[in-house]
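Here is the structure we will look at, set down as structure tokens.
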Amino acid sequence: MSDIQTLATTTLQGRDADFAGVRRIRAIALALLLFFLVFAPLVMYPSFLMKAMCFAIFACAFNLMLGYVGLMCFGSAAFFGLASYVSAYATKTWGVQPELAVLSGTVAATLLGAAFGLVAIRRQGIYFATITLALAQLVYFVCVQAPGFTGGEDGIIEIPRRALFGFIDITNDKTLYAVVSAIFLASVIFVYRVIDSPFGQVLRAIRDNEQRAISLGYRVNTYKVIAFTLSAGLAGLAGALKAIVVQVASLTDVHWTTSGDPIVMTLVGGLGTVMGPAFGAMVFMGLQTYLSELRSWVLFVQGAVFFVCVMFFRNGVMGLVPQRIRKWL
């Protein structure tokens, strides 16, 4: 009996040590991220960093579906674009405060994600991806046919930046940068909490072996719909925040090509990690911004980077990190 107790105690101690190691590594990663956010404006434009962080949240939302549930969604632009329009319209037409505008866009995307999830989750694989793309195209069609709400091809421009909570002046880029950084950090921590929770463990089980998860009694479709809804809400947060940052909401936000952006960002950064998609978003947006003088050749450079990552770094940039650390990030 004493041998069994000793073995159990040793096992628990080893598990506690692993958990402590995970927490330590993630604390270091978050500290490095905070360090980057504090000092990055000294060498890069805050406007670029804010837009990159919005797309980093977008990429993390997509990765929550593909990296942790194994579902390829080709309709992420529907949630991103709808939230962008709702946030922009509420701010410019109704004159609401920016925090309420962002919240309304996020809620709208979450509700749309729940509705789409209930429909799309009935299929798997390429059929699931095709359904999400088709549903996203329906949203795009509605946006084109509703110029009174979306502004048509002109979009909604010159979105005003009112005081956040009535007293925080976000017309100043430095102040707005601090706000966007805080939201970005909160989103990263939220994703960490989701994947580390019992709910997140079930999602990983579904991704690894769905039939076994079903045999264990889990309602797989329910978990998938919840994950889909959370991903849509996070994508909506990114779109709503982007509208305030860039002060523009256009048909590009809801176009099907925008759904491809988080896919590239995630694969470049590292699928199934939290920090990977965020880093991939920074790389992707950096190529677009700092190589803009190349015009159409920017697409060629992006394609070349994507090709190199897929061919030589199967785990993205995070593949350069040792495997044991990478799976914790």
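The values are calculated or read from the model by the stated rules, or taken from the named source; none is laboratory data. Bear in mind that the values here come from a model prediction, so they are computed numbers and not experimental data. Because the Cβ atoms are built from the backbone with ideal geometry, glycine has one as well, and the counts that use them run over all protein chains shown.
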Checklist outcome for this item: Apart from one, (1) touching a helix residue (DSSP H, G or I) at 6+ places or on another chain (Cβ under 9 Å); (2) of a type outside the set (F, W, Y); (3) without any contact (Cβ under 8 Å) to a residue 60 or more places away in the chain all hold for R23; the odd one out is (1)
Checklist outcome for this item: If we ask which residues in the stretch 102-155 are among the charged types (D, E, K, R) and closer than 17 Å to L66 by Cα, their number turns out to be 2
Checklist entry - Is at least one residue of the stretch 117-124 at pLDDT 90 or above and of a type in the set (G, A, S)? => result yes
Next on the checklist: When you scan the stretch 237-247, do you find a residue that is part of a helix (DSSP H, G or I), over 23 Å from A109 (Cβ atoms) and of a type in the set (K, R), even just one?
Outcome noted: no
Next on the checklist: I'm checking my understanding of the structure. Among residues of the stretch 220-240 that are more than 13 Å from the chain's Cα centre (by Cα) and not β-branched (V, I, T), which one is surrounded by the fewest Cβ atoms within 10 Å (Cβ to Cβ)?
Outcome noted: N221
Next on the checklist: Looking at Q13, Q97, Q5 in this structure, which one is modelled with pLDDT of 90 or more and farther than 30 Å from A129 by Cβ?
Outcome noted: Q97
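Within the stretch 269-281, is even one residue surrounded by fewer than 17 Cβ atoms within 10 Å (Cβ to Cβ) and outside any helix (DSSP H, G or I)?
Of all residues in the stretch 269-281, those surrounded by fewer than 17 Cβ atoms within 10 Å (Cβ to Cβ) come to none.
There is no residue in the stretch 269-281 that is surrounded by fewer than 17 Cβ atoms within 10 Å (Cβ to Cβ) and outside any helix (DSSP H, G or I).
Quick grid of which residues meet (1) hydrophobic (A, V, I, L, M, F, W, C); (2) touching a residue at least 24 places away in the same chain (Cβ under 8 Å):
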{"position": "A40", "(1), (2)": "yes, no"}
{"position": "M44", "(1), (2)": "yes, no"}
{"position": "L66", "(1), (2)": "yes, yes"}
{"position": "G70", "(1), (2)": "no, yes"}
{"position": "L82", "(1), (2)": "yes, yes"}
{"position": "A108", "(1), (2)": "yes, yes"}
Checklist entry - Do we have A40 as small (G, A, S), more than 20 Å from G270 (Cα to Cα) and in contact with a Phe, Trp or Tyr (Cβ under 7 Å, 6 or more places away or on another chain) here? => result no
Item to check | Pairs where the first residue, in the stretch 202-214, is basic (K, R) and the second is assigned to a helix (DSSP H, G or I) and surrounded by 16 or more Cβ atoms within 10 Å (Cβ to Cβ), C-beta under 8 Å, 6+ apart | outcome: R204/I195; R212/A205
Next on the checklist: Of everything in the stretch 163-183, what is crowded, with 17+ Cβ neighbours inside 10 Å and outside any helix (DSSP H, G or I)? Give them in sequence order.
Outcome noted: L164, I170
Checklist entry - Name the residues in the stretch 262-292 that are touching a residue at least 24 places away in the same chain (Cβ under 8 Å), of a type in the set (A, V, I, L, M) and farther than 18 Å from A77 by Cα, would you? => result V268, L271, V274, M275, M282, V283
Checklist outcome for this item: Expected single match for in a helix (DSSP H, G or I), more than 18 Å from the chain's Cα centre (by Cα) and surrounded by 20 or more Cβ atoms within 10 Å (Cβ to Cβ) among A88, A56 is A88
Checklist entry - When the stretch 282-319 is examined, which residues are found to be in a helix (DSSP H, G or I), touching a helix residue (DSSP H, G or I) at 6+ places or on another chain (Cβ under 8 Å) and of a type in the set (G, A, S)? => result G286, S292, G319
Item to check | Criterion (crowded, with 18+ Cβ neighbours inside 10 Å, over 17 Å from the mean Cα position of the chain (by Cα) and among the aliphatic types (A, V, I, L, M)) met by exactly one of V246, V254, V264, V310 | outcome: V246
